[in-house]
Each structure stands twice: as C-alpha cells, then as structure tokens.
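The values are calculated or read from the model by the stated rules, or taken from the named source; none is laboratory data. Keep in mind the model is a prediction, meaning the values are calculated, not measured. Positions of Cβ are generated from backbone atoms using ideal geometry, with glycine treated the same way; all protein chains shown enter the neighbour counts.
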Amino acid sequence: MKLENKTILVTGSNRGIGKALVAALLKHPVTRIYAAARKTEDIPAFGDSRVVPLKLDITDLDLVQQAVGLAQDVDVLINNAGVAAFSSVVTGDPDALKHDLEVNYLGTLNMVRAFAPVLEKKGGGAIANVISVLGLASMSAVGGYSASKAALFSATQAMRGELKAKGIFVHGIFPGPIDTDMSRDFDMPKASTQETAENIVKGILADQEDIFPDPMSAQVGELWAKDPKGLERQFSGM
C-alpha cells in the first residue's frame, strides 16, 4: 500500500514500537498521523505538524467512538497498543490474565470494529495488528500474554478474510524481543525500536500479510512455517 497522502492512526504511540512507528511514518509523504495514547501528555513532541495527538484507551468504548468521530479520514489503522502481565496460565493472577486479554485482544477488536466502516467508506485501506512471535507459540512463563496474542492472531486471520471484500488489507505483525520498557527485564538480544518500526513500514508498503520485523522474529517465522510443533517445543523449554 502506498502511504502518499494517507492518514494513519497509531495506538500506543507514547513509547516503544508505537513511538518509533510515528517517527518512521513521518519519513514518508503522509498527510496526517493520529498519535494515540491513554494520556496525551505522554505523547512525544514529534516536531511535525502532521502529528495529531489523540486521547485513546482502546478498552473504553466511549473513547474509541470519540476517536472515530475525530478521525474519519483514517486510511491505515495500526493497532500497536498492548500490555503484558507475563504470568503463568496455571498459577498466575486471574485478574492479570484477564487484563492481557481485555487490552491485547478485545481492545484491539474494539478498534477494528469501530474503524473498519471508516476505511470501507473511504474505498478501502489497511489494518495492521501488532501481535508477537508469542502469538505463534507460547512460553509457559508468559502464558497469559501468549494466549492474548494467540487470540489476536486468530482474529487477524478471521478479519483478513472478512474485510478483503471491502478493500481492507489486514497485516499481522510478529515482533520478537524489542528494546522497550515491556522487555527490559529479559536478558536476551533485542532489536531496536527504530529498526523494527522501519521494517514494519516496509512490510505495509509491500502488502505483506505476515510481517516479521526483526532478526529473531524472521527466524521464528521460518521455523513456524516449516515446523510449528518444533517451534512449540523450542519455546516451551524457554
């Protein structure tokens, strides 16, 4: 999809991948970027008049509808907002497990359901859901987060078929460990947010259905395509 003269909405744009995505998109001749976050004061000053801060909690249907009213010109929706309790599905706090699902899965669906009609009215567009390699195979220590992302992966496949006839292309994005606040306690090599964001934008431009935007996720994607049970065994031992 060409980004020239397009309007894009990025959720979770106050930090991490979302912040880097706004910066990466500004390198292209886009018309406007709605930079959304729960607190507008947390949204960085990107120094570009094309960026419009937007107060948005994707679990709050009233705020989602307000966003729809303010952003009727959206061509591309990037669902990046997410949380991670990193808890076991067997012994973890039930409220933490529920919160991961409410934000990562149901919150993202709130955005898709609200903005799909906007994109359809404009003659089509794109929706890009930031999932995770943990949506492909689960690690037991972060089973709750993995389950929420697996649910989003399944929903992404479902909406891809449903929205294709309406001219809406659906991307699934599967980052590996990225150097963000969410992964700061994990001692492993991590890709930069800038590199990850640049590769996500490249994937959107190239109409890639499944985008693996960093070196680790690219390896995971290859193994998942060839041997999903092997990937499950590899992740379950981590």
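Scanning the stretch 176-214 for residues that are modelled with pLDDT under 90, assigned to a helix (DSSP H, G or I) and small (Gly, Ala, Ser) yields a count of 1. Scanning the stretch 119-148 for residues that are touching an Asp or Glu at 6+ places or on another chain (Cβ under 8 Å) and within 11 Å of residue 168 (Cβ to Cβ) yields 119, 122, 125, 126.
Quick check on the stretch 1-12: of everything there that is in contact (Cβ under 8 Å) with a residue 40 or more places away in the chain and part of a loop (DSSP other than H, G, I, E, B), which residue is surrounded by the most Cβ atoms within 10 Å (Cβ to Cβ)? Checking each candidate, the answer is 11. Taking the stretch 23-65 on its own, how many of its residues are within 15 Å of residue 76 (Cα to Cα) and polar (S, T, N, Q)? Qualifying residue count, the stretch 23-65: 1.
Evaluating residue 147 against the criteria (1) among the aliphatic types (A, V, I, L, M); (2) in contact with a helix residue (DSSP H, G or I) (Cβ under 6 Å, 6 or more places away or on another chain); (3) within 27 Å of residue 229 (Cβ to Cβ); (4) touching a residue at least 40 places away in the same chain (Cβ under 8 Å) leaves one unmet condition, (2). Screening residue 156 against (1) part of a helix (DSSP H, G or I); (2) in contact (Cβ under 8 Å) with a residue 40 or more places away in the chain leaves a single unmet condition, (2).
With respect to being part of a strand (DSSP E or B), crowded, with 16+ Cβ neighbours inside 10 Å and either more than 17 Å from the chain's Cα centre (by Cα) or touching a residue at least 24 places away in the same chain (Cβ under 8 Å) (or both), residue 35 fits the description. Could you tell me whether the stretch 13-31 includes any residue that is surrounded by 14 or more Cβ atoms within 10 Å (Cβ to Cβ), part of a helix (DSSP H, G or I) and at positive phi? Among the residues of the stretch 13-31, at least one is surrounded by 14 or more Cβ atoms within 10 Å (Cβ to Cβ), part of a helix (DSSP H, G or I) and at positive phi, which makes the answer yes. Scanning the stretch 215-238 for residues that are at pLDDT 95 or above and either touching a Cys at 6+ places or on another chain (Cβ under 8 Å) or part of a loop (DSSP other than H, G, I, E, B) (or both) gives a single hit, 227.
Looking only at the stretch 44-74, residues that are without any contact (Cβ under 8 Å) to a residue 12 or more places away in the chain and within 21 Å of residue 21 (Cα to Cα) come to 3 in all. Taking the stretch 38-76 as the range and being over 12 Å from residue 12 (Cα atoms), touching a Phe, Trp or Tyr at 6+ places or on another chain (Cβ under 7 Å) and not in a helix (DSSP H, G or I) as the test, the residues that pass are 52, 71, 74. Does residue 122 qualify as being touching a residue at least 40 places away in the same chain (Cβ under 8 Å), more than 19 Å from residue 208 (Cβ to Cβ) and of a type in the set (Lys, Arg)? When the stated conditions are applied, residue 122 passes them.
Check whether at least one residue in the stretch 119-136 is among the charged types (D, E, K, R), surrounded by fewer than 20 Cβ atoms within 10 Å (Cβ to Cβ), part of a helix (DSSP H, G or I) and under 16 Å from the mean Cα position of the chain (by Cα), and report yes or no. Scanning the stretch 119-136 turns up no residue that is among the charged types (D, E, K, R), surrounded by fewer than 20 Cβ atoms within 10 Å (Cβ to Cβ), part of a helix (DSSP H, G or I) and under 16 Å from the mean Cα position of the chain (by Cα).
May I ask you to verify whether residue 88 is more than 17 Å from the chain's Cα centre (by Cα) and modelled with pLDDT under 95? Yes; evaluated as a whole, the condition is true for this residue. Taken as a whole, the condition of being at pLDDT 95 or above, part of a helix (DSSP H, G or I) and not polar (S, T, N, Q) applies to residue 116.
For every residue, the table says whether it meets (1) surrounded by fewer than 16 Cβ atoms within 10 Å (Cβ to Cβ); (2) basic (Lys, Arg); (3) within 20 Å of residue 163 (Cα to Cα).
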{"position": "57", "(1), (2), (3)": "no, no, no"}
{"position": "72", "(1), (2), (3)": "yes, no, yes"}
{"position": "95", "(1), (2), (3)": "yes, no, no"}
{"position": "113", "(1), (2), (3)": "yes, yes, yes"}
